[in-house]
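See structure below.
Read-outs throughout are calculated quantities, based only on the coordinates presented, and are distinct from any laboratory measurement. Keep in mind it's a predicted model, so treat the numbers as computed, not measured. FYI the Cβ positions are ideal-geometry reconstructions off the backbone, even for glycines, and counts take in every protein chain you see.
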Amino acid sequence: MSLVDPLSAEQDRVLSLGYAALRDFPWRQTRDPWSVLVSEVMLQQTQAVRVVPRWEQFLHRWPTVGGCAAAPLGDVLREWQGLGYPRRARNLWLTAQVCVERHGAALPDTLPELLALPGIGAYTARAVLAFAHESDVGVVDTNIARVLARRAGVRLTPKAAQAAADALVPEHCSWEWNQMLMDLGAQRCRAEPRCDGCPLECLWRDAGWPDPDPAQGSAGVSRRQAPFVGSDRQLRGRVLALVADSSCSVESLESHLVGPDADRERVRRVVRSLVADGLVAVTAGSVQLP
C-alpha cells in the first residue's frame, strides 16, 4: 500500500506541465535556505529580472548567514542600493544576527521559528519551508492568491487563502506544486487572464468570468502602489544614495535635495524617518549609514 496519497486529476494536470514550463530563475536551482531567503526578500516589491544579478552579487559577497551577520549594516545597505525598500536589507541583516545568536548560524526549519525572525512574514516563512526544505506547505504570494480566489469563485480572507493553498499541495511535491502555481498566476492568470488550456479547476472561469473578479480585494493580491516619483520613498532613496560613500551634513543634504518636490522640513522629516528605521545615524549634524 502506498504511503503517498494519489494525485487528483487537477494536481496531475498541473504537475504534468513539467519543469520546462517554469520560468528560469537561478534561485530555483538551489535548496540552500539562506540563498532562498535572500531571493524571497529581494523579490518583495522588486521585479524578478532586476533581482537576478543583485541576488548573485549579494550571495557572492555573503554566501552564508554568518558572513552577512559579521558584515557592518552599512555595507549591506550599500549592496542593496537600487533595489528599494531598504528596510528589507536591514531585516535580512538582523535575521542573520538572530540566526548566529540562537540557531548556530543557520536558518531554522520550523514555521514558528521562521516567523519569529525580523521581517519574516507568513509568505516568506512558508517559501523557505517549501523551496529550501520541500516541506508540504502552501505558499500564498500575489500570483497564487489570485489563482486561489478565482479557482474558488469568491474573495478569500488570509486564513481561507492559506487553508486552500495548504489543502492543494500534493504530498511530497511541495516545491514543484508551489512553483507551478506561482507561474500560472504570473503568466496565465493575470489581471487579463489567458484561460485557454489552463490546467486548474476554476469556478470563476466556468461561471463565465462574472463581475466582480473574486481576486479583487482577496488576501494577498497586491493593490496598485502610489506613484514613486515625488514620493517620500523616492526621497528616502536619494538620501541613502548621497550618504552611501561618505557622511553628509544635514545642510549639505538640503542643498542637494530641496527643490520643487521637497522643502527643508520634508528633507529633515525623511531623515528622521530613516533614523527611526535604523537605516542612517545622525551624529553632530552629520548623516551616515550605520
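Some points to look at:
- For Ser286, residues with placed amide H under 5 Å, excluding near neighbours: none
- Axis of helix 232-242 versus longest Cα principal axis of the chain: the two differ by about 60°, to the nearest ten degrees.
- Computed from backbone phi with θ = phi - 60° and the Karplus coefficients 6.51, -1.76 and 1.60, the 3J(HN,Hα) list for the stretch 177-190 is 4, 5, 5, 4, 5, 4, 6, 4, x, 6, 10, 10, 8, 8 Hz; x is used for glycine and proline.
- Taking the chain as a Gaussian network of alpha-carbon nodes connected by springs under 10 Å, the highest mean-square fluctuation of the residues Gly82, Gly119, Gly208 belongs to Gly208.
- Inter-part distance, the stretch 223-289 to the stretch 144-158, computed on C-alpha centroids, equals 39 Å.
- Helical runs (DSSP H, four residues minimum) scored at -39500 (n - 2.57) apiece and divided by the length of the chain put the mean residue ellipticity at 222 nm at -15000 deg cm²/dmol.
- Vicinal HN-Hα couplings computed from phi for the stretch 255-268 (Karplus, 6.51 cos²θ - 1.76 cosθ + 1.60; Hz; Gly/Pro x): 5, 7, 10, 5, x, x, 9, 7, 9, 4, 5, 5, 4, 5
- Neighbour-count order for Val275, Val98, fewest beta carbons within 10 angstrom listed first: Val275, Val98
- Residues Tyr19, Tyr85 arranged by fewest to most Cβ contacts within 10 Å: Tyr19, Tyr85
- Every Cα-Cα pair of the chain was included, and the share exceeding 32 Å stands at 36 percent.
- When +1 charges are put on Lys and Arg Cβ atoms and -1 charges on Asp and Glu Cβ atoms, the dipole computed for the chain relative to its Cα centre reaches about 900 debye.
- Proxy reagent accessibility, fewest Cβ within 10 Å first, across Leu17, Leu289: Leu17, Leu289
- Backbone amide hydrogens, once placed in the peptide plane, bring Ala105 within less than 5 Å of Val100, excluding anything fewer than 5 places away on its chain.
- Values of log10 I(q)/I(0) for the stretch 32-131 across q = 0.14, 0.15, 0.19 Å⁻¹ run -0.45, -0.52, -0.87, by the Debye formula with one identical scatterer at each alpha carbon and no solvent.
- Couplings 3J(HN,Hα) of the stretch 22-30, computed from phi: 7, 5, 8, 10, x, 5, 7, 9, 10 Hz, in residue order, whole Hz [Karplus 6.51 cos²θ - 1.76 cosθ + 1.60, θ = phi - 60°; x for Gly and Pro].
- The stretch 245-290: Rg to Rh, with Rh as the Kirkwood radius over Cα pairs: 0.95
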